[in-house]
Amino acid sequence: MKIMKKILLTAFLSLVISALVQGQTLHIYGGSNHDVYLGCLNCNKYDKNSIWNAYGTYGSKYNSNSIWNAYGTYGSKYNSASPWNSYSNDPPVIVDKDGGFYGYFTTNKYKSKRADFDLVEVLYEYHELIRDDVSKWR
């Protein structure tokens, strides 16, 4: 069952990200003023700013500003600045290159203006599985 879930998740993520890349490139910003860059949400895995590049700054599970670092500010399920904290009131935001707001990036289902498009919904649901090996998913 777990293998089938991984296969389906991989296929779905590839389709969703490919569709999004044809539109706007989306970026994640965190911090109290949303001035800390956390990476490109829908860039391909070879882009240095991509959250899907396991060897890049924002895709590494060891970098302090990565959403994949379970012990970092933006990857911990306990930190209020993390998208994975289901009670956070100050999560990261998703914006395009012109600053267009696409919503708050948070697992907090009650946060007003929470991003709810397909890609983030998959991330909310499977972020722990993806974090184990980001490079497999893109």
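Just so it is clear, none of the values below were taken in a lab; they were calculated from the coordinates. Since this is a predicted model, take the numbers as computed values, not measurements. Methodologically, a virtual Cβ is constructed for each residue, glycine included, from the backbone with ideal geometry; neighbour enumeration extends over all protein chains shown.
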Most exposed first, judged by fewest Cβ atoms within 10 angstrom, 58, 126 run 126, 58
In the neighbourhood of residue 117 defined by beta carbon distances under 14 Å, the net charge of the other residues (Lys, Arg +1; Asp, Glu -1) is -3
In which sequence would 26, 123 go, from the one with the fewest C-beta neighbours within 10 Å to the one with the most? 123, 26
Find the all-direction average of the projected area of the Cα convex hull for the range 48-123, expressing the result in square nanometres with one decimal place. 4.9
